[in-house]
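Presented below is the structure to which this report refers.
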Amino acid sequence: VPGADRRDMQEKQLLNRTADKQQRLLPGRSNHGGNLSQPEKKLQEAVCVLLVELCERFTFFGIVCNMILFCTVKLGYPNYQAAMVNMCFVGTSMLTPVLVGWLAECLVGRIKLVCICMFLHFLGTALLPVVAFPFEDIYIDRRHILHTLTQREQKIVFYFALLTASLGIGGVRAIVCPLSAYNLEDCGPKELLSFFNWFYWLVNLNSAVVFVSISYIQQSVARNLGFLIPFVSALMAMITIHMVRGEMIYKPKTDSSLLTTFGVIASALKTCCVRYRYFSGGVRNWLDHAKENYGGQYSETQVESTKLLARLFPLFAFQILYRTCIMQIPSGYYLQTMNSNLHLSGFVLPVAAMNVISIVPLLILVPILECINSYLFNSKDTGHSPTIYIVVGQLSAALSVMVAGFSEIHRKHFPQVEQTLSDEVLLVSSMPCFHLAPQYILLGVAEALVTPSCSLLSFWLVPERIRGISMHFLTLFNGAGCFMGAFIVQTAHTGTQGNWFPHLLHEGKLERFFFFLASLTTVNTLGFWTIAHRYNNLNQEYTNEFRGSLPEEKLLKNEKAIKHYGSILKSSPILSPTEKT
């Protein structure tokens, strides 16, 4: 596209002018940076990307960890609405990287867009303290209040802040910290699984620190002013990006895009509908109708790439209900914990600190899984596949939600006591919150097994040039799981008139909601188990066969064969020079 090439040239010229200007103004620093060797430079870039990633996760978990408490106590939302707001924010934060990645590729330059996203992230995290600040406690004198936001104004500012923050999060994840920035092209399945294991291990270690520190500050020390901490963390991320702005903006290959994939599918469906009577003949796959030689408008390479992605769609689709189960930690499980006894030896535990119990199994299991994977991948007898991890992990998630239902029945057998949260006195069960630990542990085990394995399959089983698109689709389906969770909560509340997701837990039947979700997840796991054999082998021969339908790879094989037989002919003593040519 001429416009895209012109934008890329302008960005390169801008970076060159900035570098020349810095070299003239700061010759000492420039010479020092120029003396860095290539490995040192790569290490510096990796550390900077990792720091920005951790800062972004810090802000994200800082917003999420007590949102339900803020929505119910401060904004007066019923439980089901607070849970839906939390799940929709998480889902939006998963979908915005896909949107921002498309904007950076097609419409706006990457440097300009990352500046816009950083501003939106700053604006969103700065507006959250405006909503949460207790203006009613500040007076000019004894009769006049300095400033007060009505509840309607608070809600408008709150939703606008969440929207801008999610767009900023999308910019950081898509432009500054994409997975392609970690140079994973030359890694095999063993190295990729190890990378994803330790990558999510670091992310969860960061979230554990956030859930303990920020949740306590938000709940006990500074009340709702704890939303200032995401603001400070966003400022740290922007400073880090400013320090290495030229070298952190990774530019991936743009051979394929989401629009191309959706266009191939739409073109194939349109051609199938127009030529319905000829559907059974002439093509081996329905997507072949999108090819130019079958009446479509896409090249053979684009269609074959889409066919490889389509083979992964069942894998992605079966992650939707699993992601809905994971979203019970900041929604259903959070409400259970909030309505349990949080006192421990005179100390009130933060509600979100219980999330650490779900993170501890992941932090423990990753080193153990690394040892198991090293043994299995080194075995020459069997082709190891992480699909067994996904099946076991989804069963663990279904069991966790079922245990949550029995825990809810058990919680109601305890007498009610008064408990103060954010200066509000609530009637809660006297059952200690640690009785809920098994359901958190089971979900933590599920996350340790499923998420790295799904990332590996979606990354490894496609050619290098469409791996980013494959990861985008995995992200889309994970985001759909969050919105599916909000839809199920809304449907359960409306269909049972608030009985399955009540505002007062001791008056409703929240356990029935958990049992219903557990049954859906069990059926979902059985469905995935029936198709898991499609992804059972990760050895190189299978992968080459899996990718071998691409035209350019067929051409490459033919060229190698021509060169091989050509060298044999040239060395023949029988043929004349003209015949050899």
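The values are calculated or read from the model by the stated rules, or taken from the named source; none is laboratory data. No experiment lies behind these values; they were computed from the predicted model shown. Positions of Cβ are generated from backbone atoms using ideal geometry, with glycine treated the same way; all protein chains shown enter the neighbour counts. Only protein heavy atoms, including side chains, enter the accessible area calculation; ligands, DNA and RNA are left aside. Shrake-Rupley method; radii C 1.70, N 1.55, O 1.52, S 1.80 Å.
Could you report segment 376-488's accessible area per residue, 1.4 Å probe, as an integer in Å²?
So segment 376-488 comes to 37 Å² accessible per residue, rounded to a whole number.
Output wanted: per-residue J couplings in Hz (rounded whole) for segment 340-350, from phi through Karplus 6.51 cos²θ - 1.76 cosθ + 1.60, θ = phi - 60°, x for Gly and Pro.
So the J values, rounded to whole Hz, are 10, 6, 9, 7, 9, 6, x, 10, 8, 6, x.
Subtract the Cα-Cα distance of VAL47 and ILE531 from 0.36 nm times their separation in residues, and report this length gain in nm to one decimal.
Separation in residues times 0.36 nm, less the Cα-Cα distance, equals 170.3 nm.
Could you pull the accessible area for CYS106 with a 1.4 Å probe, rounded to 10 Å²?
50
Hey, quick one: spin label on VAL232, modelled 7 Å out along Cα-Cβ, who in segment 200-214 has an amide N within reach, i.e. under 15 Å?
210-214
If I take R0 = 22 Å and measure r between the Cβ atoms of TRP286 and VAL523 in this structure, what FRET efficiency does the formula 1/(1 + (r/R0)^6) give, to the nearest 0.05?
Once rounded, the FRET efficiency stands at 0.20.
Once both labels are modelled 7 Å past Cα along the beta-carbon direction, what's the ILE409-ILE364 spacing in nm?
2.7
Shape of segment 314-404 from its Cα gyration tensor (a ≥ b ≥ c, root eigenvalues): rounded if a/c is under 1.5, otherwise prolate when a/b > b/c, or oblate?
Since a/c reaches 1.5 but b/c is at least a/b, the shape of segment 314-404 is classed as oblate.
In what sequence, largest accessible area first, do THR496, THR337, THR530 appear using a 1.4 Å probe? It would help to have the intermediate numbers written out before the result.
Numbers: THR496 40, THR337 0, THR530 85 Å².
Result of the area sort, largest leading: THR530, THR496, THR337.
If I model a spin label at VAL157 and ASN499 as a point 7 Å from the Cα along the Cα→Cβ vector, what separation in nanometres do I get?
Here the answer is 4.1 nm between the modelled labels.
Tell me the carbon and sulfur percent of the accessible area for segment 403-485, rounded to whole percent, probe radius 1.4 Å.
Carbon and sulfur atoms account for 68 percent of the accessible area of segment 403-485.
How high is the FRET efficiency between PHE347 and GLN416 when r is their beta carbon distance and R₀ equals 35 Å, given to the nearest 0.05?
So the FRET efficiency works out to roughly 0.95.
Just order 162-172, 476-486 by mean Cβ neighbour count inside 10 Å, highest at the front, would you?
Descending packing order for the listed peptides: 162-172, 476-486.
Roughly speaking, what is the stretch gain from ILE372 to VAL209, that is 0.36 nm per residue apart minus the C-alpha to C-alpha distance, in nm to one decimal?
55.9 nm
Considering Cα pairs under 8 angstrom that are at least six residues apart, work out the relative contact order of segment 465-512 and quote it in whole percent.
18
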